1. Restricting to segment 27-46, name every residue that is within 26 Å of the chain's Cα centre (by Cα) and under 13 Å from Phe6 (Cβ atoms).
2. Is there a residue being out of contact with any strand residue (DSSP E or B) (no Cβ under 8 Å at 6 or more places or on another chain), outside any loop (DSSP other than H, G, I, E, B), closer than 25 Å to Leu170 by Cα and within 13 Å of the ligand (Cβ to nearest atom) anywhere in segment 70-80?
3. Taking segment 163-172 only, how many residues are open to solvent by 40 Å² or more (accessible area, probe 1.4 Å) and within 14 Å of Val190 (Cα to Cα)?
4. Within the set of pairs 6+ apart or on separate chains, which have a first residue in segment 15-32 that is near the ligand (Cβ under 9 Å from one of its atoms), a second that is open to solvent by 30 Å² or more (accessible area, probe 1.4 Å) and small (Gly, Ala, Ser), and C-beta atoms under 7 Å apart?
5. If I ask for residues that are assigned to a helix (DSSP H, G or I), crowded, with 21+ Cβ neighbours inside 10 Å and free of Cβ contacts under 8 Å to residues at least 60 places away in the same chain, which ones from segment 85-117 would you list?
6. Look at segment 46-56 and say how many of its residues are surrounded by fewer than 24 Cβ atoms within 10 Å (Cβ to Cβ) and more than 7 Å from the ligand (Cβ to nearest atom).
7. Could you tell me which numbered condition Ala279 fails, if it satisfies all but one of (1) more than 27 Å from Ile216 (Cα to Cα); (2) of a type in the set (A, V, I, L, M, F, W, C); (3) in contact (Cβ under 8 Å) with a residue 12 or more places away in the chain?
8. Only one of (1) open to solvent by 30 Å² or more (accessible area, probe 1.4 Å); (2) modelled with pLDDT of 85 or more; (3) within 16 Å of the ligand (Cβ to nearest atom) fails for Ile332. Which number is that?
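The values are calculated or read from the model by the stated rules, or taken from the named source; none is laboratory data. The structure presented is a predicted model; accordingly, all values stated were derived computationally and were not measured. Neighbour counts run over all protein chains shown; Cβ positions are idealised from the backbone, glycine included. When the accessible area is computed, the model is the full protein with side chains, heavy atoms only, and any ligands, DNA or RNA have been set aside. Shrake-Rupley method; radii C 1.70, N 1.55, O 1.52, S 1.80 Å.
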Amino acid sequence: MTFKDFNLNTPLLNVLDELGYVQPTTIQQKAFSVIMSGRDVCGIAQTGTGKTLAYLLPCLRMWKFSKNSSNPEILIIVPTRELVKQVEEEVERLTKYMNVVTVGVYGGVNMKPQIVAVENGCDVVVATPGRLLDLVLHGSLKLKAIKRMVIDEVDELFNLGFRTQINKVLDLMPPKRQNLMFSATITEEVKVLMNTHFNVPEMVEAAPTGTPLENINQRLFEVPNFNTKVNLLKLLLAEGEDMSKVLVFVGTKKQADVLHEQLEEVFPGEGGVIHSNKAQNYRFNTINNFSDGTYRFIIATDLVARGIDISEVSHVINFDVPDEPEAYMHRIGRTGRADKKGVSTMFATEKEGVYKEAIEQLMNYQIPVAGLPEHLEISDVLTDDEIPQVRMRESLIELPDIRESKGAFHEKSEKNKKVNVKISYKDKMKAKYGKPKKRKKKR
Ligand code: AMP
């Protein structure tokens, strides 16, 4: 099957032709006619399966130019700023021969230019939920003309805590609309959203959740600690000649920075680092440098890496094993995209074995173990996090039961045993005369 078999129009067919896209991916094949029929759709697809085009093509195919409307007809909600940029660019690419105005809006930057952009009129809005709601409540963005709404990476939107904003936006939208959603996993929260706001959605699936993408070679290195992992990565980057575009995943921002510093010593200027503490511009620049080949590798945390669309990532390195198996699926989905072969490598310490097993269980596939390179330097220097914590047992000192107390070490002398008791005048008199004796009144 080719895109020519789709009921597409000439402007879209021409663009696909120019982009060199001939064969639709599985999710594109499955989603196209269902979305064209006007039904609500829930797509189960990871990044790398071609899901963006799967919803954009039918949405743009059904879009009609109208002179009168300046309000958007298509709304796409995504979790990160990077993804806004990426989807916006994809829409612009596809609408090269159409008169479609696209605006991307996201938080963390000045709202004014975005207000101006939406007030000038647009057809497609790509947005993160928070900023979208701000613009709607501000009155600059009107949702009354929305015909089709896409919520992309729903599971991730929920992970980031956007449930309230999404529900509010959905409540503000015209009831007669087509709803589409895409998610890598169908969690309970995703089901709730679907049952509340969607109209009997048709499910389409790229590959069953957790199935490793076929064109990714996976391998596993068993290493004892962080510093050995660093040595191994240096070795692979130095010796693996085909390691032309390497995406290294680490679990924390701190680790990302530490690793970047260490690699910078050996490969100065060859790699970058991105995580959520880096400024937006820095993040865009890093991704651009990686995209155009200035950087050979980048180190990224899971969250920001979500939105990166870089074709031809040759290798994904899981510098650590994510504790959520789905995160691994997202990581490896960065390589082997749309018919390209990719390699995913996992570095795992013994402690991370449990997470590795959870991943293997989800995939129903055992990652083959690769032998460590002979000249790999095994480090015995542990990081602060790896040094076993010596914990003093908090033992309570047992206090003797006062009731069982047999007294102090020595008996008090008779003199010291005396207790000072203040005796009132009245009592003193009573003891002396047997009856209370009152003082005579002074004359
Ligand atoms: P996605 O899963 O939507 O993030 O897409 C992954 C990558 O595959 C993007 O860079 C797309 O431009 C590319 N792509 C999507 N569909 C096709 C296709 N049918 N043929 C070739 N490349 C594609």
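1. Gln28, Ala31
2. No, there is no match, as no residue in segment 70-80 is out of contact with any strand residue (DSSP E or B) (no Cβ under 8 Å at 6 or more places or on another chain), outside any loop (DSSP other than H, G, I, E, B), closer than 25 Å to Leu170 by Cα and within 13 Å of the ligand (Cβ to nearest atom).
3. Of the residues in segment 163-172, 3 are open to solvent by 40 Å² or more (accessible area, probe 1.4 Å) and within 14 Å of Val190 (Cα to Cα).
4. Thr25/Ala338
5. Glu88, Val91, Gln114
6. Selection size over segment 46-56: 1.
7. (3)
8. Condition not satisfied by Ile332: (1).
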